[in-house]
Structure formats: C-alpha cells, structure tokens
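Working notes, structure below.
Just so it is clear, none of the values below were taken in a lab; they were calculated from the coordinates. Note that this is a predicted model, so its numbers are computed, not measured. Cβ placement follows ideal geometry from the backbone for every residue including glycine, while neighbour counts extend to all protein chains displayed.
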Amino acid sequence: MNFFVPIIEADFRILLTGRRVNTTNGVPLNKILKYKYHGVTYMCFTNNVIEQRANKISEEIRKRTIYQFIKAVSSSGSSPFNTKVILKDSHGVLYSVETNLNGLRFATGELTYKAYKQIQMKETVQGFGSFMVIISSFLIMMWALARYMGI
C-alpha cells in the first residue's frame, strides 16, 4: 500500500528516516516514485517498512543464532513476511521466536526462553495498556466536550 504526498520540487521534507533531505536529488528513486499531475509533483512512499524489518531480523537470526535454524514462518496475504522463526537446540527442543529484537537476543544466547517469553508478555501488556489509556482519554475528552456543549 502506498500513500501520496504533494510536494514542490525545491521543498525539503523530513522523510521516514527522520533526516532532512532534498526531495529532488537526496533519495534513491527505488524508494520514492514521482509523477506530475496538473503541474504538482506527487511522491509515492512505500510503507512496507514493517515487512522489510521483519525479514531483515529473520535473516540476522538465521546468521547469528546459536541454535539450529529450522524454518521461517511467513504471514499470509498479498505481501507475506516472516513473522516467526523456528529454532532447535542440541536436545531437540523446538523454539518458536518472533522476528523482533527480543527474538534476536534469544537466538544469540543473550536471553533464556523463559526470559524471552516474560519480556514478550510484558511488552504485550504495556502495549495493550497504552492503547486503553489513549482510548479512555479520547472518550473522556468526547464526554467533556459533550457536557460543555450541552449535548
């Protein structure tokens, strides 16, 4: 999926990298597609950053693991990417590891599987809690606005 941003040729934009680059000559053409429509230049950014990162970490796990690499499990859909990696230790125990930095830390031996699962659970709970706080704040603001307006 792509999204389009109208730009002026000489304009500077902060791109996904967070760095300021000149949009006319600072970015490789394979990252940004440009086209003109009624004199306005549009840029198309691909948003497959998550897929690229998952595949990159999966490859890092394959290269740096202390366990035997069995396979990478891909997601289904129009653009599949590696979501999990299956590893096997010397005793024949299989480990299912997500393709994230914690999975890489487990694969390189920095974490035990128990510590890896605890960190994953903690991050899941924190993410869910943050989401609930944001939604609750939004609902409270809507309620306060409705009370203020007399609705």
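Taking the charge dipole of region 53-111 about its Cα centre, with +1 at Lys and Arg Cβ atoms and -1 at Asp and Glu Cβ atoms, the residue from Ala107, Phe81, Gln68 reaching farthest to the positive side is Phe81. Pair-distance distribution of region 95-151: all C-alpha pairs, bin width 10 Å, starting at 0; shares per bin in whole percent are 22, 30, 17, 15, 12, 5. Near Leu111, the amide H atoms lying under 5 Å from its own belong to Phe106; only residues 5 or more places off or on other chains count, and H is placed 1.01 Å from N.
In order along region 131-147, phi translates into HN-Hα couplings of 4, 5, 5, 5, 5, 4, 4, 4, 5, 5, 5, 5, 4, 5, 5, 5, 5 Hz, rounded to whole numbers, per the Karplus curve 6.51 cos²θ - 1.76 cosθ + 1.60 with θ = phi - 60° and x for Gly and Pro.
How do Ile61, Ile70, Ile119 line up, fewest other C-beta atoms within 10 Å first?
Details: Ile61 25, Ile70 13, Ile119 16.
Listed from fewest to most nearby Cβ atoms, that is Ile70, Ile119, Ile61.
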